[in-house]
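Right, one structure below, let's go through it.
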Amino acid sequence: MLNISNNKVGDHIDLTMFKSSKPVFNKNYYKHFNRFLMAVAGIGVIILFLPWTQNITGRGLVTTLKPNQRPQTIQSQIPGRIEAWYVQEGDFVKTGDTILRISEVKSEYFDSQLVERTNQQIKSKSSAMSAYQSKVEALNRQISALSQEQRLKFAQTKNKLQQARLKLKSDSIALEAAKTNIAIAERQYERVETLEKEGLKAVKDVEEKRLKLQETQAKLISNENNYLASQNEVINAEIELSRISQSYVDKISKAQSDMFTAQSNQFDTEAQVSKLENDYTNYKMRQNLLYVTAPQDGFINKALRGGIGVTFKAGEELVGIMPSNYDLAVETFIKPIDLPLIHPGEKVRVQFDGWPAIVFSGWPNVSYGTYGATVVAIERFISDNGKYRVLLAPDTSDHEWPEAIRVGSGARTIALLEDVPIWFELWRQINSFPPNYYQPNSQPIAEKKQ
């Protein structure tokens, strides 16, 4: 049935009557549908050349911008036993408000007058320290007096020694004069005795000269005795000097020893006073720690240790608090392969869990329900989940974030990168290639400034 002849068989014979021709001639052709498919294919080709914004998606949580604004727990610096609660969950507290009162569980702090008794010990030890100080001053005065007395005694004995030496010198001269006199007396006696034998002198003259000689001899012996006595006085004065020096050295050494002992006791007492003052301050501050107070304005989230009479250890969490004043932020996590594409200051779109949104990740301009954010910080070390943490702050040039958002709620982030055709993005996704690597325009400028 090639229909190449002018005499068509179909004009003379009804071909639809034949069984073999029924599947061919009774088949319906959907021309409009085919045209629709062609139009759709054409539109699809055109869509492939439309711009698509490359992006990096991530999941994160709503947090606060500053660490001191994040939820925290309140601990006690000392172990204790819960005695009374002054708040309940959901209450608003101000800085310094009392949350609960505790009591001591260690036996060394059971004394209710521990601070007062420690203060009395400090006063007693301070008085003892003052007494030792007075003793040291008295011994210093005694040492000064002994030193002054030693100098005077030494000077006095030196004067005596000088006098003894001068007397010794005088007695020595007198002794020499006596020796000269006795020599003269002996010659005069011998001469008179010779003249008396010759008859020129009388016996009386001889006797006078003999008497004169004996007197001179007696005077010589007296001068010798005086000379020896003067020598003894010099020796005694020298011995006295040595004795005075040794005596006062012993007295001053003993006084200095007593002074050093008093100073040692004074220093030991000062150390004890310092330790007691330290204990006094610690006991006083420990009494203040018996009242657990709010570190900042906020709301009581949950009592982690409930009941009365419950004991706990130092540093154990007692209650959770959420600060009342905080700046919202979002922490999101990105894969290591996408880390080089994220830079501080870049724009990010955020979708909050529970908040209605229509998101077209590649066309952020037509998305609805997302909010603008800016990259504030990028973590330098990988997190436990194998990704890097990125902190986002609200974009001041975009819409404000909803006030109903609470810290801890989930969020989905979309970091906007370069604009590429859709066919390129499909080809990249099929081949598992990363988005185009690029540097923001502001970074080269910053490098030039450096």
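All of the numbers you see were taken from the coordinates with simple rules; none came from a lab. Since we're looking at a predicted model, the values are computed, not measured. Quick reminder, even Gly has a Cβ in these numbers, built from the backbone with ideal geometry, and neighbours come from all protein chains shown.
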Which FRET efficiency value, to the nearest 0.05, is calculated for Arg187 and Glu208 with the Förster distance at 22 angstrom and r the Cβ-Cβ distance?
0.90
Compute the length gained on full extension between Arg151 and Glu137: take 0.36 nm times their separation in residues and subtract their Cα-Cα distance, giving the result in nm to one decimal.
2.9 nm
Can you spot the aspartates and glutamates whose alpha carbon is less than 14 Å from Lys387's alpha carbon? Ignore those fewer than 8 places along the same chain.
Glu331, Asp338, Glu379
Neighbourhood net charge (13 Å Cβ-Cβ; Lys/Arg +1, Asp/Glu -1) for Ala271
-2
Mind listing P(r) for segment 240-312? All alpha-carbon pairs, 10 Å bins, whole percents.
14, 19, 17, 13, 11, 9, 8, 6, 3, 0
Value of Rg to Rh for segment 114-288 (Rh from inverse mean 1/r over Cα pairs, i.e. Kirkwood):
1.62
Would you list Val310, Val407, Val192 from fewest to most Cβ contacts within 10 Å?
Val310, Val407, Val192
Gain upon complete extension [Asp279, Val105; 0.36 nm per residue less C-alpha separation]:
60.8 nm
Simple label model, 7 Å out from Cα along Cβ direction - Glu89 to Lys158, nm
9.5 nm
Would you calculate the separation in nanometres between label points at Lys254 and Glu400, each defined as 7 Å from the Cα along the Cα-to-beta-carbon direction?
9.1 nm
Which part of segment 79-93 falls in the paramagnetic zone of Glu317, meaning amide N under 17 Å from the point 7 Å along Cα-to-beta-carbon?
89-90
Can you tell me the FRET efficiency between Asn68 and Arg117 if r is taken as the Cβ-Cβ distance and R0 is 41 Å, rounded to the nearest 0.05?
0.55
Segment 290-356 to segment 145-219: how many Å between their Cα centroids?
118 Å
Cβ-based exposure ranking for Trp355, Trp401, in which fewest neighbours within 10 Å come first:
Trp355, Trp401
Nearest-0.05 FRET efficiency for Trp355 and Ala393 at R0 = 22 Å, using Cβ-Cβ distance, is 0.75
Residues whose modelled amide H sits under 5 Å from the amide H of Glu346, counting only those 5 or more places away in sequence or on another chain, are Val375
Students often get this wrong, so check it: of Lys169/Lys219; Lys179/Lys204; Lys158/Lys219; Lys302/Lys347, which have C-alpha atoms separated by over 27 Å?
Lys158/Lys219; Lys302/Lys347
